[in-house]
Amino acid sequence: MTLLVAGLILFVVVHSLRIFAEDWRSQMVARLGPMPWKGLISVVSLVGIIMMSKGYAAARAAPIMLWQSPVWLSHLVSLFTLAAFIVFVAAYVPNNKIKAQLGHPMVISVKIWAFSHLLANGTLADLVLFGGLLAWAVMSFRAARQRDRRDGVVRASGAMGPTLVAAGLGGVIWVWFAFYGHAWLIGVQPFARG
């Protein structure tokens, strides 16, 4: 559990600099340059993700159950994760209506994903990992919306073509992940429960 918590803290801290240390972050970007800064953050993030993954896998080997979710809930969670994949992809497809409406689809996708995984999983490790990421995503989204209001951000309405691309690509990735990728990467088949 220690490795999971340490990885979560590392990941959340580097992704919370705009929330708690905006001025320091801006100084570092100015000093290092945007690309070296992004490279540094990417490396630290990757280390955090690896630590979280290894820590979570170790905690799953000896789970501490807090609650048991009903089997039917896994089907609802599948719909939530489909939405999360579509919203996640929308963060990277230019000029789509999803991004135009939501403003910060990447963070919203993390909120949906983490919340849905909390519904379906009831161990202490699940609460730490998904609860921690959900709390970060809520704070991050709130801070991003405050920045948008402060800066007077206005987004274009987006076009239907890119929106369909984001939805279609997100759906295809979800299908692959739900039926193959999740078992391959995580070791759990989402639809095996029922």
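For the reader, a short list of remarks on this structure follows.
- Residue satisfying all of: in region 57-73; touching a Leu at 6+ places or on another chain (Cβ under 7 Å) and not β-branched (Val, Ile, Thr); surrounded by the most Cβ atoms within 10 Å (Cβ to Cβ) among these: Ala59
Listed here are the residues, each with its yes/no results for (1) aliphatic (A, V, I, L, M); (2) within 24 Å of Thr123 (Cβ to Cβ); (3) in contact with a strand residue (DSSP E or B) (Cβ under 9 Å, 6 or more places away or on another chain).
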position: Ser16; (1), (2), (3): no, no, no
position: Asp23; (1), (2), (3): no, no, no
position: Ile41; (1), (2), (3): yes, no, no
position: Ser45; (1), (2), (3): no, no, no
position: Ala61; (1), (2), (3): yes, yes, no
position: Ser74; (1), (2), (3): no, yes, no
position: Phe85; (1), (2), (3): no, yes, no
position: Ala90; (1), (2), (3): yes, no, yes
position: Val93; (1), (2), (3): yes, no, no
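- Conditions (1) part of a helix (DSSP H, G or I); (2) touching a residue at least 40 places away in the same chain (Cβ under 8 Å); (3) hydroxyl-bearing (Ser, Thr, Tyr): number failed by Ser157: (1)
- Residue among Ser140, Ser157 that is assigned by TED's automatic domain parsing to the domain that holds Met106, hydroxyl-bearing (Ser, Thr, Tyr) and surrounded by 13 or more Cβ atoms within 10 Å (Cβ to Cβ): Ser140
- Subset of region 83-121 [over 24 Å from Arg145 (Cα atoms) and either surrounded by fewer than 20 Cβ atoms within 10 Å (Cβ to Cβ) or not assigned by TED's automatic domain parsing to the domain that holds Leu133 (or both)]: His117, Leu118, Leu119
- So Trp184, is it of a type in the set (Phe, Trp, Tyr), without any contact (Cβ under 8 Å) to a residue 60 or more places away in the chain and not in a loop (DSSP other than H, G, I, E, B): yes
- For Lys111: the one exception among (1) within 13 Å of the chain's Cα centre (by Cα); (2) free of Cβ contacts under 8 Å to residues at least 24 places away in the same chain: (2)
- Taken as a whole, the condition of being in a helix (DSSP H, G or I) and crowded, with 19+ Cβ neighbours inside 10 Å applies to Ala125.
- Checked against (1) more than 30 Å from Pro70 (Cα to Cα); (2) among the aliphatic types (A, V, I, L, M); (3) at pLDDT 95 or above, Val153 meets all criteria but (3).
- Subset tally (residues that are without any contact (Cβ under 8 Å) to a residue 12 or more places away in the chain and part of a loop (DSSP other than H, G, I, E, B)) for region 132-154: 2
- Residues that are exposed (fewer than 14 other Cβ atoms within 10 Å of the Cβ) and without any contact (Cβ under 8 Å) to a residue 12 or more places away in the chain, drawn from region 1-27: Phe20, Ala21, Glu22, Asp23, Trp24, Ser26, Gln27
The values are calculated or read from the model by the stated rules, or taken from the named source; none is laboratory data. Keep in mind it's a predicted model, so treat the numbers as computed, not measured. No Cβ is skipped: glycine too gets one built from the backbone with ideal geometry, and neighbour counts run over all protein chains shown.
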